[in-house]
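The values are calculated or read from the model by the stated rules, or taken from the named source; none is laboratory data. Here the structure is a predicted model, which is why all the values come from computation and not from measurement. All Cβ positions, even for glycine, are placed from backbone atoms using ideal geometry, and neighbour counts span all protein chains on display. Note: areas computed on protein heavy atoms with side chains; ligands, DNA, RNA excluded. Shrake-Rupley method; radii C 1.70, N 1.55, O 1.52, S 1.80 Å.
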Amino acid sequence: MNSWMAQQVAQQQQLRSLLPGEAPWLQQQRAWALERFSQMPLPTRKDEAWKHTPMHPLKKVHFEARPPSCLAMDLDDLHPFLGSWQEGNLLTFVNGRFTVQLSRLPLVPHGVYVGSLGAMLASQPEKVEPYLRIDPEKEMDPFQLLELAYLMDGAFIHLEEGFVMEQPLHLLYLNTPSHTPVLHPLHNLIVAERRSGAQIVEHHVSLSNTQHDLTLCQTDIHLHPGVIMDHGWVQQISHEGFHLAQCHVQQCSDSHFNSHAFAVGGALSRYRMHVNLKEEGTQCTLRGLYTGDGHRHVDMGTKVNHAFAHGQSSQLHKGMLCDHAHGVFDAMVKVHPHAAHTHATQRNDTLLLSEYAVVESQPQMEILADDVQCSHGATVGQLDEEALFYLQSRGIARMEAQNLLIEGFLEEVVGDITSPILKPWYAQCLQQTAPTHQGV
């Protein structure tokens, strides 16, 4: 065990008495996860899943895990992060802990529970146990194990059968400035019973752009038959910060899952979406966007598993990289032998705005069934000089013409968002944090 991992193990043991929940299964699972974490090395470039994302920068930083602390803020202080979403449902977490004074739920209907996972672990662990118990044989990376060793707090959302949350839910995660780098473990659990539905957005923000924090976030989503779920993930953390996140989705028959993922911050960020279409007639639509400038590294990937027939998946991910930024897109669609009549598409397009920017794109498909329609592809390119010349010939300045082409390139990712609240909010987030187009 290297010194970085030894520090994390020691800190978890020191804080163990402060972690929520005393259920035997929870204590045993935390101990099991910490033991496995201590026995695994950190990933290196020799590991296939991490060969394009170097993790050695983490070893240079000592991240300190901390007990809960107070924050002198009120709801008015959150206006810069809410934009057009000022009056809606809001659940706020500060440094990984639920903060009631910064949350409001005026539009949550009867039949929907929205609250803190940490509170549920402490008061009614039996309600979340079926979804949080881990198969000991399951393959996990060290960062998943470390987050499980804490299993501290996050959002818990439960939709009863037939209940639909008409208004979107904003899950806001704030990292506050600190003199020392801080570790933030987070775990979200979303359970939607039959024919229910919701629009939920995870939004990660740093209050300072010079923080070196490390966020470890896992979201588990369980969709029962007939559910329609829209899920968003927006990462706008400090350009000095580290963010490692995963989302695991289990879909039952006739459920629909739509996802929008935007990675626009962080010195090093990695987001993985795993979707298991485990019954017939399921559909998922995945849209994603990653941007980078300076020497930032951004890694985005998906894994879609078609286990039964008549499933549909559609993926479109785009990237825009400037300066010396490094991007990674890694995706796999697997169609199992019993998944006849599957329709799956997968595409990744990246725009390089500098001769030094690099992207590693690996769209892959494994087809084991007959009678399916599957396609995938990837493109990497620069701005079209002929299109720029055409626009300039119509009296448009070169800088404005460049911005028009870039906006057109990005528009395809947000173009199919139908919510009148979410679409302008997503556009505002991208406008605030995307790398500047100036000087392209």
Cβ-Cβ below 6 Å, separation at least six or inter-chain, first residue in the stretch 168-181 and touching a residue at least 60 places away in the same chain (Cβ under 8 Å) and closer than 10 Å to Q211 by Cβ, second among the aromatic types (F, W, Y) and buried (at least 22 other Cβ atoms within 10 Å of the Cβ): which pairs?
-> none
Among residues belonging to the stretch 311-336 that are buried (at least 24 other Cβ atoms within 10 Å of the Cβ) and not in a strand (DSSP E or B), point out the one that is nearest to the chain's Cα centre (by Cα).
-> A325
Residue match in the stretch 133-156 (condition: in contact (Cβ under 8 Å) with a residue 24 or more places away in the chain and part of a strand (DSSP E or B)) | yes
Across the stretch 389-421, which residue is farthest from the chain's Cα centre (by Cα) among those that are open to solvent by 80 Å² or more (accessible area, probe 1.4 Å) and under 21 Å from W85 (Cα atoms)?
-> P420
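Matching residues to (1) in a loop (DSSP other than H, G, I, E, B); (2) under 15 Å from the mean Cα position of the chain (by Cα):
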{"position": "R195", "(1), (2)": "yes, no"}
{"position": "Q211", "(1), (2)": "yes, no"}
{"position": "L216", "(1), (2)": "no, yes"}
{"position": "E240", "(1), (2)": "yes, no"}
{"position": "L244", "(1), (2)": "no, yes"}
{"position": "C247", "(1), (2)": "no, yes"}
{"position": "R270", "(1), (2)": "no, yes"}
{"position": "N276", "(1), (2)": "no, no"}
Looking at H222, H204, H179, H170, which is the one that is more than 18 Å from L82 (Cβ to Cβ), at pLDDT 95 or above and of a type outside the set (F, W, Y)?
-> H222
Failed condition for L183, given (1) over 23 Å from Q13 (Cα atoms); (2) touching a helix residue (DSSP H, G or I) at 6+ places or on another chain (Cβ under 9 Å); (3) of a type outside the set (G, A, S); (4) outside any loop (DSSP other than H, G, I, E, B), with all others met?
-> (1)
Which of (1) touching a strand residue (DSSP E or B) at 6+ places or on another chain (Cβ under 8 Å); (2) open to solvent by 10 Å² or more (accessible area, probe 1.4 Å); (3) of a type outside the set (K, R); (4) in contact (Cβ under 8 Å) with a residue 40 or more places away in the chain is the odd one out, the single condition D299 does not satisfy?
-> (2)
Quick one: which residue in L26, L90, L107, L18 is more than 26 Å from P181 (Cα to Cα), open to solvent by 50 Å² or more (accessible area, probe 1.4 Å) and among the hydrophobic types (A, V, I, L, M, F, W, C)?
-> L107
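Please pick out the residue among V359, V335 that is touching a Ser or Thr at 6+ places or on another chain (Cβ under 6 Å), free of Cβ contacts under 8 Å to residues at least 40 places away in the same chain and not small (G, A, S).
V335
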What's the number of the condition Y290 fails, among (1) open to solvent by 20 Å² or more (accessible area, probe 1.4 Å); (2) hydroxyl-bearing (S, T, Y); (3) under 24 Å from V358 (Cβ atoms)?
-> (1)
Does D349 qualify as being open to solvent by less than 80 Å² (accessible area, probe 1.4 Å), assigned to a loop (DSSP other than H, G, I, E, B), within 22 Å of G301 (Cα to Cα) and of a type outside the set (V, I, T)?
-> no
